[in-house]
Amino acid sequence: MVNKEATGLSVLYIPHGGGPLPLLDHKGHQELIGFLNDIPEQLEVPEAIIVISAHWEQSIPTLLAGETPPLIYDYSGFAPEAYDIDYAAPGNPQLAQKIFSLLEKKGIHTQLDKRWGFDHGMFVPLKLMYPDAEIPCIQLSLINGLDPLQHINLGRALRELRDEKILVVGSGFSFHNMKTFGQPGIDPQNIEFDQWVVETMTDLHLSPAEREDRLIHWQKAPHARYCHPSEEHLLPLHVCYGITEMPARLVFNGNILGKKSCAFLWQ
């Protein structure tokens, strides 16, 4: 299935790397850059993209509903060119309104935001995946409190979009202990947690109830809090799973900044 016209929803959970570094050709991101450049070949061409970014949390689910959202350079300390990055993807207010109505119908109080912009969890990976910036995009926020089941249920509420020609991107990082990035040598705690994540998402012998239980109680995984001192980069995975409640296909399991990280696809 290579870049053909979309016939339904595709769901993708990805690591987006360290700030703008994937767009600056950083040597610690070469495997991620290659993956993000190549993954569209495995995807149907979407009519719209929904991004759940680890870098946007709100008190209730919030949809970016502007027609031409600006970019938010929500990082600091990088080279000047990091603040000249452009990704002029159009917004999609109609899709934002449709999802707003869908979530409200499901009893999930939601809000629209026409003033916020695309953060780097959106524009960094999408500039590598779809550099022409022609596909309309919206963002859906995480929910303050970062409750795992709440985010699985947020994904479940999006399931009515399954026949739409849409790509949902959960943009996070399956390992996100910032103090350890770039350290030399093998990190056994990172590797053991990575193996747990891959098993949780791909093992065909797990029932849906078992898979959901593992995701809800992810803090019981080996070295969970070492790998995620704060879980905002993991929870886009929960939203992605909630949409499908199916095992995923592992499409990336490589090294970023010296740490193992993974990406999953549902089609």
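Throughout, read-outs are computed from the coordinates displayed, never taken from laboratory work. For clarity, every value in this text was computed on a predicted model and none was experimentally measured. Quick reminder, even Gly has a Cβ in these numbers, built from the backbone with ideal geometry, and neighbours come from all protein chains shown.
Check region 65-82 and report whether any residue there is charged (D, E, K, R), more than 27 Å from H228 (Cβ to Cβ) and outside any loop (DSSP other than H, G, I, E, B).
Yes, there is a match, as at least one residue in region 65-82 is charged (D, E, K, R), more than 27 Å from H228 (Cβ to Cβ) and outside any loop (DSSP other than H, G, I, E, B).
Scan region 227-249 and report the pairs whose first residue is touching a residue at least 24 places away in the same chain (Cβ under 8 Å) and farther than 21 Å from K260 by Cα and whose second residue is assigned to a loop (DSSP other than H, G, I, E, B) and among the aromatic types (F, W, Y), with Cβ atoms within less than 9 Å and a gap of 6+ or a chain change.
Hits for this filter: zero, empty list.
Which residue out of L126, L149, L142 is of a type in the set (A, V, I, L, M, F, W, C) and surrounded by fewer than 15 Cβ atoms within 10 Å (Cβ to Cβ)?
One residue alone meets the criteria, L149.
Identify all residues within region 34-62 that are of a type in the set (V, I, T) and within 15 Å of V251 (Cβ to Cβ); write none if there are none.
Hit for region 34-62 is I39, nothing else.
Being part of a loop (DSSP other than H, G, I, E, B) and within 12 Å of Y13 (Cβ to Cβ) is the filter here, so list the residues in region 166-190 that pass it.
F173, S174
Out of everything in region 77-100 that is in contact (Cβ under 8 Å) with a residue 12 or more places away in the chain and of a type in the set (F, W, Y), what residue ends up being surrounded by the fewest Cβ atoms within 10 Å (Cβ to Cβ)?
Restricting to residues being in contact (Cβ under 8 Å) with a residue 12 or more places away in the chain and of a type in the set (F, W, Y), the top hit is F78.
What are the pairs, 6+ residues apart or on separate chains, where a residue within region 138-165 that is within 19 Å of S59 (Cα to Cα) has its Cβ under 8 Å from a residue that is part of a loop (DSSP other than H, G, I, E, B) and of a type in the set (A, V, I, L, M, F, W, C)?
Close Cβ pairs (under 8 Å, with a partner that is part of a loop (DSSP other than H, G, I, E, B) and of a type in the set (A, V, I, L, M, F, W, C)) amount to I138/A65; Q139/W116; I143/I60; N153/I108; L154/I108; A157/I108.
Might you let me know whether region 101-114 holds any residue that is within 29 Å of P22 (Cα to Cα) and either touching a residue at least 40 places away in the same chain (Cβ under 8 Å) or exposed (fewer than 15 other Cβ atoms within 10 Å of the Cβ) (or both)?
Checking region 101-114: at least one residue is within 29 Å of P22 (Cα to Cα) and either touching a residue at least 40 places away in the same chain (Cβ under 8 Å) or exposed (fewer than 15 other Cβ atoms within 10 Å of the Cβ) (or both).
Give region 237-257 a look and list any residue that's small (G, A, S) and surrounded by fewer than 21 Cβ atoms within 10 Å (Cβ to Cβ), or say none.
G254
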